[in-house]
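Inspection log for the structure reproduced underneath, given as structure tokens.
The values are calculated or read from the model by the stated rules, or taken from the named source; none is laboratory data. What you are looking at is a predicted structure, and each value in this text was computed from that prediction instead of being measured. Neighbour counts are summed over all protein chains in view; Cβ atoms, including those assigned to glycine, are modelled from backbone coordinates with ideal geometry. Areas reflect the complete protein model, heavy atoms only, side chains present, ligands, DNA and RNA absent. Shrake-Rupley method; radii C 1.70, N 1.55, O 1.52, S 1.80 Å.
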Amino acid sequence: MGMKTTYVVQTFVLKRKRLSPGDRETAPTESGALKKAGAMAKRVPGTAALKVVADDETGELESVAILGQFGEVPEDFAESLQSG
């Protein structure tokens, strides 16, 4: 059972005047995720850079951490990660 760390950039878009998750992209490093999130935030209402640690075999999540947020991100985004 090996743990794998993945860096993800989550975009947020406006749908019916509410922020909703948009596209997700991966990045090779933590700093790469932060740079990509910052750049993408210029084209969408908001982004978040995430560090996801999961079991490489089962895909079971061990932890999700927000590395940075740019622009508009839903207020309950952090809470949704903990319960998700």
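With a 1.4 Å probe and all protein chains left in place, how much accessible area per residue does the chain have, in Å²? Spell out each step's value before the answer.
Working: 5710 Å² over 84 residues.
For the chain, the per-residue accessible area is 68 Å².
Tell me the mean residue ellipticity at 222 nm calculated for the chain from its helices only (DSSP H runs of n ≥ 4, each -39500 (n - 2.57), averaged over every residue, nearest 500). If you can, show how the numbers build up before the last one.
Numbers: 2 runs with 18 residues, N = 84.
Only helices count here, giving -6000 deg cm²/dmol.
Over the chain, with every protein chain in place, what whole percent of the accessible area is carbon and sulfur at 1.4 Å, could you tell me?
On the way: 2700 of 5710 Å².
Carbon plus sulfur share of accessible area: 47 percent.
Apply the Karplus curve 6.51 cos²θ - 1.76 cosθ + 1.60, θ = phi - 60°, to the phi angles in segment 56-62 and return the couplings in whole Hz, x for Gly and Pro.
Whole-Hz 3J(HN,Hα) from phi for segment 56-62: 5, 8, 9, x, 5, 6, 9.
What is the angle, in °, between the Cα long axis of helix 30-40 and the longest principal axis of the Cα atoms in the chain? Nearest 10 is fine, range 0 to 90.
Once rounded, the angle reads 20 degrees.
Note down the nm distance, to one decimal, between modelled labels 7 Å out along Cα→Cβ at ALA65 and at LYS4.
Calculated label separation equals 2.0 nm.
Please list PHE70, PHE12 from largest to smallest accessible area, probe radius 1.4 Å, with all protein chains kept in place. Don't skip to the end; give the middle numbers.
On the way: PHE70 65, PHE12 0 Å².
Highest to lowest solvent-accessible surface, that is PHE70, PHE12.
Lysine pairs in the chain with Cα distance under 24 Å, only those 8 or more apart or on different chains: how many are there?
9
On a full-extension model of 0.36 nm per residue, what is the gain between THR26 and ASP76, subtracting their alpha-carbon distance, rounded to one decimal in nm?
15.8 nm
First measure r as the distance between the Cβ atoms of LEU14 and THR58, then evaluate 1/(1 + (r/R0)^6) with R0 = 22 Å and state the FRET efficiency to the nearest 0.05. Write down the numbers at each step before the final one.
On the way: r = 35 Å, r/R0 = 1.60.
Rounded to the nearest 0.05, the efficiency is 0.05.
Please identify the longest segment of the chain free of exposed trypsin sites (Lys or Arg not before Pro), where exposed means a DSSP state other than H, G, I, E or B and no more than 15 other Cβ atoms within 10 Å. Numbers along the way, then the final one.
On the way: sites that count: ARG16, LYS17, LYS42, ARG43.
Looking at the chain, 44-84 is the longest stretch - no exposed trypsin sites (Lys or Arg not before Pro) with at most 15 other Cβ atoms within 10 Å.
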